[in-house]
Every structure is written in structure tokens, then in C-alpha cells.
Amino acid sequence: MKREVIFERVSDENFGDFVYLIERLAEYEGQCLPDNKAKSRLRKDALSDNPKFEAYLVSIDRKFVGYFIFYMTYSSYLALSTLYLEDIFVLEEYRRKGIGQKMFQFCVQQAKERGCGRVEWTVYDWNEPAIKLYRKIKATRLNKMYYRLDGEQIENFSD
């Protein structure tokens, strides 16, 4: 029997499930778990009247098994919005069942409906299952280098 995959926008009621899944992604990627201040910012930024990002939970048989986050950026060259996919995550025991592909399709559909010129994201070079999906959907791999300034570096930055 094929199980129905349901997408549900993150809300006050399911916010704890959302954070739980973010913590599972952090563990998978070897990152630090969000602290209480980060969780508070996540809630505010996701659930305010003017949210900084959109987040959806994915459920099967009423169990949340994944989530994704996206937000809009802008391409000055295209003069069109870009849907930037920040996170897409499925619990390990639910992978390789087509759920990630359905999540990705949902995001692409959102980009179409919003008149976006691009959908962009990054992926760790060790994340072979994700890379396999992106090859399957014939996504273009961009060879870009990313740089970052974090917390203290930002605070202490001077010309």
C-alpha cells in the first residue's frame, strides 16, 4: 500500500516537531544543535506576520518524517526572484522512498507559481544520496566557492 505524503506549513502547534527535525539534520551533518536563543529566533522568524522564511513539515501516517525551508532572494541579472532552498531533510529510515523528490517538486512548483527565474541550493560534496537525486532531476551543478563570516568575525569586522 502506497502511503500518502502530506506537506504542512510550520505553525505554533507543530513547531516542536520542526525543531526536532532540525536537530536531526544537525546531527546528520555534524553541526551544533540550535540552542534556546536560536530556537526562539527560529520561532519568531518562521511564525511572524512577515516571516523571513517558509518552512514545511512532511508527514506519513501522521508522523513527521522530514522538513524543508526556503526563502526568496533576487537575481539582478534576470530581474526575477529566486527560490533558495535552505534545508531539505528526511529522517534516515524514510529515505529512498521518493519523499525527498516530492519535497523538491513542491519547491519547484512554488517557484513556478511565484514567477521565479531560478531555484538554487547547496549540498555537501559528501551527501551522495542528495547528489544522486539532483542528478536524477537533471539539475545544473554550479562550481561556485562560498565564503563566510560568522558571529565574532562580523562583530569585529573593520575596513
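If you go through segment 32-75 and keep only what is of a type in the set (Ser, Thr, Tyr) and farther than 11 Å from residue 10 by Cα, you end up with 40, 48, 59, 71, 73, 74, 75.
Of all residues in segment 1-34, those satisfying the criterion of being within 24 Å of residue 127 (Cβ to Cβ), of a type in the set (A, V, I, L, M, F, W, C) and touching a strand residue (DSSP E or B) at 6+ places or on another chain (Cβ under 8 Å) are 5, 7, 10, 18, 21, 22, 25. In segment 80-103, the residue that is farthest from residue 8 (Cα to Cα) out of those that are in a strand (DSSP E or B), hydrophobic (A, V, I, L, M, F, W, C) and in contact with a strand residue (DSSP E or B) (Cβ under 7 Å, 6 or more places away or on another chain) is 83.
The single condition among (1) in contact (Cβ under 8 Å) with a residue 12 or more places away in the chain; (2) outside any helix (DSSP H, G or I) that residue 77 does not satisfy is (1).
Any residue at all in segment 44-62 that's of a type in the set (Phe, Trp, Tyr), surrounded by 12 or more Cβ atoms within 10 Å (Cβ to Cβ) and over 13 Å from the mean Cα position of the chain (by Cα)? No. Among residues of segment 28-45 that are on the phi < 0 side of the Ramachandran plot, those with a beta-carbon under 6 Å from a residue that is modelled with pLDDT of 95 or more and among the β-branched types (Val, Ile, Thr) at least six positions away or on a different chain give the pairs 39/19. Tallying residues that are closer than 23 Å to residue 7 by Cα and touching a Leu at 6+ places or on another chain (Cβ under 7 Å) within segment 22-46 yields 3.
The values are calculated or read from the model by the stated rules, or taken from the named source; none is laboratory data. Source: prediction; values computed, not measured. When we count neighbours, we look across all protein chains shown, and the Cβ atoms used for this are built from the backbone with ideal geometry, even at glycine.
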